[in-house]
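Novice: One structure follows; several queries about it will come next.
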Amino acid sequence: MSISKPLKKSYKQNRSRKNDWRLFLRLVPYATNYKQLLATSMLLLVPVAVANAVQPLIVGQVIALVRKEPSTYDFLSTNPEQGLLILQILLLTTVVIKLVLTGFQGYLVQKVGQNITADIRKDLFHHVTSLAVRFFDKTPVGKLITRLTSDVEVLGDVFATGAVGIFSDIFSTLVIIGFMFYTQWQLALLLLFLLFPVSALITYFQQQFRKANYKVREELSALNSQLQENITGINVVQLFRRERFNAQLFEKTNHRYVKEVDTTIFHDSAVSATLEWIALVAIAGVLLVAGWLILGDNLTVGILSSFILYAQRLFDPLRQFAEKFTIIQAGFTAIERVTDILDEPIEIRDKANPRYSLTNSFEFGYIDEIVDNLENIDDKIDPTKLGEIRFEEVWFAYKDDDYVIKNLDFTINPGEKIALVGPTGAGKSTVIRLLCRLYEPSKGRILVDGIDIKEIPQAELRRYLAVILQEGFLFAGDVKSNITLGDNYTFEEIREAAQSTNVEEFIEQLPQGYNSALRERGTNISSGEKQLLAFARAAIRNPQILVLDEATANLDVATEAKIQKSLNQLLQQRTAIIIAHRLSTIRNVNRIFVLKRGELIEQGSHEQLLEQGGLYATLHNLQMLNR
C-alpha cells in the first residue's frame, strides 16, 4: 500500500512545526565542542579563496604583458622577461597554497563532522535505551536502526561537507566578485545579474529535493524494518514457505524506495544542468559585451581572458554550493527524524534527589545484615524484614482507558513465595513489568518495603530484585560477560554463582569454559543452556526479591530436576513471585494469586483454592485430565 499521502501530511506537519534554521541550531551545541578545529578551518578559507581569485588576474597579466597592452602593471612592463618570471612564480605559489591548504582544511572539517556524528550517535543511543518499553511497543526496530545509523551518518555531512563547505563557497564567490569589480565593473555587473535567476532556480529545485528526500528516508526505514523482521523471523519464514510472498512484499517496498530516490536524482541533476546552461550563457554574454568593448578600445584581451576565467570560476563554487546545499537539505530531513527520537520524552525517570537508597548485603540463602546506608527510612518500615511488596489499587492500560490491570490490591510479605496463575492475557507478565518499573501504573502505586518504587533509583530497584524470564537473552561475548552483564564481579564470585546454581558443570564442558565465545542471542548453545546462564546471572546479584516468569519452561525434565535443588536454595529467605502454567510446579508456594482479565479473583494455598472450586480448580482439573 502506498504511503505517499501520510508522508505528505507528516512532512507538512513537520515543516510547520520546525523551520530549517531551528533544526540546524539543534546541531550547534555539538559543533561548539570543536570550536578550535572549526575556527582553524574557517581561517584557512581566506588564503584559499584569495589564491583562487588571484589566478585569473595573473593569467590576464601574462597575456597583457606578452601583447604589450596598456592594462599591464607598470612594474611588470619595465622588464618583460623578469615580469613573466614574477608572474610564473606568483601563479605557482597560488596553486601550491590552494592545493595544500584546501587538503588540510578538508581534513579538519571531515574530522569535525565525524566527531559530531559520533557524539550524536552516542546521545541518541543513550536516549533510546532510556526510553520506556511502551515506546518500543509501537516503534518498529528497523526504523530505529535507520535513524541510529543512516540518518546520523548524514548529520556529520551537514557540518563537514555542508555548512562549512557552503560558507567556503559563499566566501569564495564574494572574493571573486570583488576581484571582478576591481578588474572591470561593467562585465562584473553582467555576471552578477545572472546570479539572481540562478539563485531562484537553485532554491526551487532544492525545496523539491527536500520533499523527495523526506520520502526516501521513510521508505528506507520501511525497507530496513521488513529486512529486520524477515531475518529475525527466518525460522517461521522458511517453515511456512513464505519466502516468495515476503519477497514480493519486499519488492514492492523496494520499488517505492527506488522511485523516490529517482525523484531526488532528477531534482539534483536539474540543478547541475541549469548551472551548466547558465554558465555557458554567462561566458557567451561576456564574449559579446567584451567584443563590443574591445572594438571601442575600452577593453584589452588580457582583461577579457581574466573575465572568461572569472566566469568559469564564479560558477564553480555555485555548482559546489548547489551540491552541498543538497547535502544540507538531506541533513535537515535527517535532523527532523533524529530529533523526533531525541524529543521523545523519557517516561520513566529517577527523581533528581531520590529520598531512598536500597542496597542489599546478604549472602546466598540468608540475610547477612541490613545495609547501613538505607537512607531516610520511614518509621513504619521494619528494617529487619526486607522484601515486602504491596500493590495499592493499581490500574494500568497500554493505551487510553483499555485497562489490562484493574484495581490490584494485595501485599506479599517478606520471604513469602507467591504464584501468579491465570489464562493467557490475564495480566501476569504485566504485573511483573509494573513491579520492575518497565511501565508506570495508570493509577495507584507499588511499594517495596514500604517505599514507593518511584522514589527508588531504577538501578537500585533492579539490583534489589532479579527477573528470570522464560527465554534467556544472551549478548555476543563470552560466558563471563553474560553472567556479569558489565558489573564488576571477580572470577571467584562468578564461579560461586555458577556452582550455587549447578551451572558450572555445563560451563566447564564448553571449549574454553568461562571464556567460551557465545554468538549473538546465544545461537551456539541450546535454549536450556541459555536458561541455566540466566539462573547464574540472577544468583550473582544476590537479590532480595526473585521473579520467575516461566523460568523452567525451556528445561527438560533432567535439567529441571538438576537445578531444582539450587533453585530452592536460591529462594530461601527471599520474596519470590513465580509465574507458571504448569500448576503442579507451584503446589508448595505460600499463596497463589489467580488473575482473570487483569483482576485478582482468587487467592490462597493450593488446597484452599481446590476446595473453593473456582477458576484455579477448573484450570487444575483440566491439566490433570490432559495428563
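Novice: So for the chain, averaging the separation of alpha carbon pairs under 8 Å that are six or more residues apart and normalising by length, what relative contact order in percent results?
Specialist: Values: 868 pairs, mean separation 86.6, N = 627.
Computed value for the chain: 14 percent relative contact order.
Novice: Counting Lys +1, Arg +1, Asp -1, Glu -1, what net charge surrounds ILE468 among other residues with beta carbon under 12 Å of its beta carbon? Could you put the intermediate results ahead of the total?
Specialist: Numbers: positive: LYS530, ARG537, ARG541; negative: GLU471, ASP549, GLU550.
Its environment carries a net charge of 0.
Novice: Continuing with this model, one more query. At a temperature of 4 °C and a viscosity of 1.567 mPa s, determine how fast segment 38-93 diffuses translationally according to Stokes-Einstein, using the Kirkwood radius over alpha-carbon pairs as Rh; express D in µm²/s, rounded to the nearest whole number. Write down the numbers at each step before the final one.
Specialist: On the way: Rh = 12.3 Å.
It comes out at roughly 105 µm²/s.
Novice: Give the peptides 84-94, 167-177 in descending order of average Cβ contacts within 10 Å, highest first. Let's see the in-between values first.
Specialist: Numbers: 84-94: 14.7, 167-177: 19.1.
Top to bottom by mean Cβ count within 10 Å: 167-177, 84-94.
Novice: A further question on this structure: Given the DSSP H assignment, sum -39500 (n - 2.57) over each helix run of at least 4 residues in the chain and divide by its residue total; what's the result at 222 nm in deg cm²/dmol, nearest 500? Don't jump to the answer; show the numbers that get you there.
Specialist: Numbers: 23 runs with 383 residues, N = 627.
Using -39500 (n - 2.57) per qualifying helix, the result is -20500 deg cm²/dmol.
Novice: What ranking do 181-188, 277-284 get when scored by the average of other Cβ atoms within 10 Å per residue, highest first?
Specialist: Values: 181-188: 16.9, 277-284: 15.4.
Listed from highest to lowest mean packing, they are 181-188, 277-284.
Novice: Can you pull the three principal axis extents for the Cα set of segment 245-348, in Å, largest first?
Specialist: Sorted largest first, the three principal extents are 78, 40, 14 Å.
Novice: Okay, next question. Let a ≥ b ≥ c be the square roots of the eigenvalues of the Cα gyration tensor of segment 426-467; is it rounded (a/c under 1.5), or, if not, prolate (a/b larger than b/c) or oblate? All intermediate terms of the calculation are to be shown ahead of the outcome.
Specialist: Working: a/c = 1.92, a/b = 1.26, b/c = 1.52.
Oblate.
Novice: Then there is this: Considering only C-alpha atoms, what is the centroid distance from segment 599-627 to segment 56-120, in Å?
Specialist: A separation of 92 Å, based on Cα centres.
Novice: What are the semi-axes of the equivalent ellipsoid of segment 4-342, taken as the square roots of 5 times the eigenvalues of the Cα gyration tensor, listed largest first and rounded to whole Å? Working shown, then result.
Specialist: Working: eigenvalues 516, 100, 54 Å².
So the equivalent ellipsoid measures 51, 22, 16 Å along its semi-axes.
Novice: Points 7 angstrom from Cα along the Cβ direction at LYS122 and LEU227: gap in nanometres?
Specialist: 2.7 nm
Novice: How much length is gained on full extension from PHE167 to PHE75, taking 0.36 nm per residue of separation minus their Cα-Cα distance?
Specialist: On the way: separation 92, 0.36 × 92 = 33.12 nm, distance 3.57 nm.
Gain on stretching PHE167 to PHE75: 29.6 nm.
Novice: In 10 Å bins starting at 0, how do the alpha-carbon pair distances of the chain split up by percent?
Specialist: 3, 12, 17, 18, 15, 11, 8, 7, 5, 3, 1, 0, 0
Novice: Still on this model: Taking the Cβ of SER305 as the center, what net charge do the other residues with Cβ under 12 Å away carry, scoring Lys and Arg +1 and Asp and Glu -1?
Specialist: On the way: positive: ARG67; negative: GLU69.
Cβ neighbours under 12 Å give a net charge of 0.
Novice: Just report the Cα centroid separation between segment 272-338 and segment 198-226, whole Å.
Specialist: 26 Å
Novice: Relative contact order of segment 4-342, please, whole-number percent, based on alpha carbon pairs below 8 angstrom and at least 6 residues apart. Intermediate results must be reported in sequence, preceding the final value.
Specialist: Values: 337 pairs, mean separation 103.4, N = 339.
This gives 31 percent for segment 4-342.
Novice: What does the charge count near GLU219 come to, summing +1 for each Lys or Arg and -1 for each Asp or Glu among other residues with Cβ under 9 Å from its Cβ?
Specialist: Numbers: positive: LYS215, ARG217, ARG256, LYS259; negative: GLU218, GLU260.
That works out to +2.
Computed from the coordinates by the stated procedures, all read-outs in this text should not be read as laboratory data. Predicted model only: the values in this text are computed from it and were never measured. A quick note on method: Cβ atoms are made from the backbone with ideal geometry, for glycine too, and the neighbour counts reach across all protein chains shown.
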